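Values quoted throughout were computed directly from the atomic coordinates according to the rules given, and no laboratory measurement underlies them. No experiment lies behind these values; they were computed from the predicted model shown. Glycine also receives a Cβ, built like all others from the backbone with ideal geometry; neighbour counts cover every protein chain displayed.
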Amino acid sequence: MKFFSTAAVAGALFLEAVNGHYIFQKLTANGVQGGVYQNIRPNTNNNSPVTDLASNDLRCNVGGGSGASTSTVSVAAGSTVTFTADIAVYHQGPVSFYLTKAASTAASADGSTPWFKIKEIGPTFSGSSSTWDLEQSYSVTIPSCIPAGEYLLRIEQLAIHNPYPGGIPQFYISCAQIKVTGGGSKSFNGVSIPGHVKVTDSGYTANIYSNFNSYTVPGPAVSQC
Ligand SMILES: [Cu+2]
C-alpha cells in the first residue's frame with residue numbers, strides 16, 4: 001500500500017509539472033483582446049512558476065527579459081486593462097500589479113528600473129474562512145496621474161497553496177508592454193525586482209490552512225494618485 005500511495009503522489013506531481021499551472025498570455029486594452037503574446041512578453045518555461053526570490057526572472061518570467069518580439073499597445077491613463085491566463089488561476093494566493101517606466105522603449109526595457117505597485121488583491125475573510133479571488137482574468141486601472149510614456153505592466157500571482165517552508169511559494173508572472181497616453185506628472189517611488197519580496201514577509205510565509213485570519217500582500221504599498 002505504501003508503494004502505491006507514494007507512486008500516486010509522484011504521478012500527481014509529475015502531471016502538475018507537465019500540464020498544471022497557468023500563464024497570463026493575453027492582454028485586453030481599449031476593450032480589445034490581443035492575441036497570445038501579442039502585447040505580453042513570451043516566456044520559455046511553459047506555464048511553470050518562478051520560485052527564486054533573487055532571480056531576475058521575477059521581473060518578467062523566464063525568457064521574458066527581451067521585448068523584441070512583443071508589440072507595445074497604447075492605453076489611456078485612467079483606462080482599464082486585463083490580463084487573461086490560459087486557464088483559470090487555481091492556486092490560492094494574492095495578485096499584484098506593478099508598473100515600471102521604461103528608460104526608452106518598453107520593448108527594450110530590462111526591468112531593472114524601479115517598480116511601483118498599482119493594485120493588489122488579497123483574500124477576504126468571513127468568520128474563520130478565507131476566500132481567494134481565483135479567476136482566469138484580472139483587470140487593473142492604469143493610474144490617471146502617471147506620466148505619459150512607455151511602461152512594463154507586470155502581473156504577479158503568488159501561489160501559496162503549499163505553505164513555506166514545507167512548500168515554496170510560486171510566482172506566476174507576465175509583463176505587458178504599454179504606452180500610456182494622457183496621464184499626469186506624479187512619480188512614485190519604486191522597488192527593485194528581485195528584492196520586492198523577502199523570505200521573511202508574512203505574506204510569503206503565511207499558512208493558509210492554519211489559524212489564517214489576516215493577510216498582508218507582499219511587496220510595497222499600493223501607490224495612489
Ligand atoms: Cu500549479
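Quick one: how many lysine pairs in the chain have C-alpha atoms under 15 angstrom apart, if they're 8 or more apart or on different chains?
For the chain, the number of qualifying lysine pairs is 4.
Quick check on the exposure proxy: order Thr131, Thr200, Thr141 from fewest to most C-beta atoms within 10 angstrom.
Starting with the residue having the fewest Cβ neighbours, the order is Thr200, Thr131, Thr141.
For the residues Ser96, Ser174, Ser210, what sequence is obtained by ranking on other C-beta atoms within 10 Å, fewest first?
The fewest-first ordering by Cβ neighbours comes to Ser210, Ser174, Ser96.
Could you estimate the translational diffusion coefficient of the chain from the Stokes-Einstein equation, with Rh from the Kirkwood formula over C-alpha pairs, at 10 °C and 1.306 mPa s, in whole µm²/s?
88
Antiparallel versus total DSSP beta bridges in the chain: what percent is that, nearest 5?
So the antiparallel bridges in the chain amount to around 90 percent.
Check which residues have an amide H placed less than 5 Å from Glu150's amide H, if you skip close sequence neighbours.
It is Ala102, Val180, by chain and number.
With runs of 4+ DSSP H residues as the only contributors, calculate the mean residue ellipticity of the chain at 222 nm using -39,500 (n - 2.57) per run, divided by the residue total and rounded to the nearest 500.
After summing the helix terms and dividing by the residues of the chain, the value is -3000 deg cm²/dmol.
For the range 15-151, with only Lys/Arg (+1) and Asp/Glu (-1) charged at the beta-carbon, what is the dipole magnitude about the Cα centre, in debye rounded to 20?
About 300 debye.
Charges on Cβ only, +1 for Lys and Arg, -1 for Asp and Glu, centred on the Cα centroid of the range 70-149; of Ala148, Ala109, Ser128, which one is farthest towards the dipole's positive end?
Ranked along the dipole, the leading option is Ala148.
Can you sort Leu153, Leu58 by how many other beta carbons sit within 10 Å, fewest first?
Ascending Cβ contact count within 10 Å gives the list Leu58, Leu153.
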